[in-house]
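Every number in this text was worked out from the coordinates using simple rules, so none of it is lab data. A quick note: this is a predicted structure, and the numbers were derived from the prediction, not measured. Here the Cβ positions follow ideal geometry from the backbone for every residue, glycine too, while neighbour counts run over all protein chains shown.
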Amino acid sequence: MSPVEQEIRRRVIADEPIRLKDLGEHAVLAQAEALVHSRMFGDVVAALAADWADLDDPDGASALIADGLKGNPDRLVLAHAIGALAENPPPDLRRFVQALEVRSRDTSSDPLARIEAVAGLMRLALLDSRWARFALASVVMLEDVEGPWANAMLCRLAALAYEQFHDSEAVQLLEKLASGEGVSEAAFQRGMVSFGQALEGATFNAVADGLHEAARWFQTSEEAAEDRRDARLYRLLTDALSSLARHGEPPTAAVMEELRTTAVVRALWDRPRPGAKWLQPPPEAELDWILLIENMTSAVSRGRSCTGTDAAVVLADAVRLYRSIRGVMRGASSAAKPSVQAGLVLVHGMLGAVERWASGGGLPTDAAAMLQTNITTIASSLGAPPGKSLRTTWPGPATSKASCWPV
């Protein structure tokens, strides 16, 4: 064990911080050959990255880190090192991107280490989009890895590649994986991609069609594994939202109760799916579930008097939920959310929220009437039928021709 490793070990045992000033930059670089293969490589990277601006030899530090990314045999150590770079990224990531790309293509390397290398490329691409093409190419190239954890991680990374960079090849990879042994996770992630695509629909019929497709993928995931309460939750949600988007029909009280119960049980008892902590949604994402469930429950309580306002607000809540639950950590404290625009849904949701406020009785009658006219005009310009207020109640049966949505 090198002197630097001994000092790191002593500090870990004593629960003391591991700082570069205590290790010594020159000592670290002098012992680089041993450190790049050490189980303490991640600690070394963290110390270097935290004090990068004050380094005497940043080129030497970059070379040490790049060599370790290419050659350290321990997957967890590799993940630690990548996390340290993401939390304190040096100004130039080029050498690290090149090293991780080499590691991801090294078929003699541990498949799990190759997965970590690809995950690292994705993290660096989130920090600097110049490296996105390297990350996307590496995801598609990894379909030869085997094993439940590796397959699940690959599926999540493929979905992330689409959600952050709209890479169509990643979607094709998910569909290919969904026809193999890893069908449950691949179908779930494909469903999540469809969920996001649906919310970007140009018409509300297109939104409904996309949500229906997402529900189909979630059902496939649910049927392929007994423990997919998450797939069941999103199948229930996308089914309900699809009907709401197409016909303005809220879910029944029974469906709403099942959705609420499944959401609570999943949050309390289910472990996160396989994947690194940075891929998990932040804890506050659960708050968006609360708002969505509340507004859906409110729509259910109105029954056939459910209005365009109710539906618009619920669908806009679904966009906010999607962005939250599919967010990933870019670095130490910033989240990268999916690039879902959802202009039609969000604008109608905003109009619905304004209309709710205006109908609360706080405005003079003439001002409220003028505001309602303006809202109707804006909604019509987006494709709503002329003369229809956003608050027009839904017709109910799917066979009715009347609707306040653009179709």
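Relative contact order for region 106-181: 26 percent, from Cα pairs under 8 Å spaced at least 6 residues apart, divided by residue count. Per-peptide packing, taken as the mean over residues of other Cβ atoms within 10 Å, places 71-80, 175-184 in the sequence 71-80, 175-184 from highest down.
Near the amide H of A335, within less than 5 Å, lie the amide hydrogens of R330, all on another chain or at least 5 residues away, with H placed in the peptide plane.
Take each of the peptides 335-346, 47-58, 312-323, average the number of other beta-carbon atoms within 10 Å over its residues, and list them starting from the highest.
Details: 335-346: 18.4, 47-58: 15.9, 312-323: 24.2.
Answer by packing, highest mean first, reads 312-323, 335-346, 47-58.
Straightening the chain between A27 and T252 buys 74.2 nm, computed as 0.36 nm per residue apart minus the Cα-Cα spacing. Only aspartates and glutamates eight or more places from K337 in sequence, or on another chain, were considered; those with a Cα closer than 16 Å are D128, E163, D167, E200, E284, E286, D288, D317.
Could you work out the relative contact order of region 90-239? I mean the mean sequence separation of Cα pairs under 8 Å and 6+ apart, divided by the number of residues, in percent. Spell out each step's value before the answer.
Details: 193 pairs, mean separation 21.3, N = 150.
Over region 90-239, the number comes to 14 percent.
Please give the residues of region 72-116, grouped as numeric ranges, whose backbone N is less than 13 Å from a label point set 7 Å along the Cα-to-Cβ vector of V12. So the set is 74, 76-78, 80-81. Partner aspartates and glutamates whose Cα lies under 14 Å from the Cα of K70, excluding those fewer than 8 positions away in the same chain, are identified as E33, E101, D106, D110, E116. One decimal place: the segment L127-E294 gains 56.6 nm when fully extended, by the rule 0.36 nm per residue minus the C-alpha distance.
Of interest is the spacing of the C-alpha centroids, which for region 1-76 and region 177-243 amounts to 44 Å.
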